[in-house]
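What follows draws every value from the coordinates through simple rules; no lab data is involved. Remember, it's a predicted structure, so these values are computed and weren't measured experimentally. When we count neighbours, we look across all protein chains shown, and the Cβ atoms used for this are built from the backbone with ideal geometry, even at glycine.
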Amino acid sequence: MSYSSRKQILITVIVDVKVKPKLLEEYIETALLLTKESRCRAGCISYVFNQSLEDATKFSLYEQWESEEHLNEHIKALIALFGAPKPGDMLPAKLINFYESAKPTSYRTLG
């Protein structure tokens, strides 16, 4: 089921990226720009880039949007700013993973 056919819910996007070492500096600069631009957009609840402590070329982007419409406007703005996405360059092969809130019925403590 595509996210566009779902009811109006909080949208969570998680993007995992492994950057080519030669593009690392450029990617970090782009991530900083994206974070600044995205946090100012209407409907943005959270927009956080995380870099792995174990592998400096691995990143996770976690973002939350108030609605699908806000996310779509954000994507349009990114395309206007950076052009159409080119998976395989600095982007993952699958651009976006969508999640919806889950209500766990129980918790188990690890350790």
Output for region 35-79 (equivalent-ellipsoid semi-axes, sqrt of 5λ from the C-alpha gyration tensor, Å, descending) is 23, 10, 9
Computed over the Cα atoms of region 10-87, the Rg and Dmax in Å are 12.8, 36
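Report, in debye and to the nearest 20, how large the dipole of region 18-85 comes out about its Cα centre when Lys and Arg carry +1 and Asp and Glu carry -1 on their Cβ. Numbers along the way, then the final one.
Working: 8 positive and 11 negative charges, 40 e Å.
Value, rounded to 20: 200 debye.
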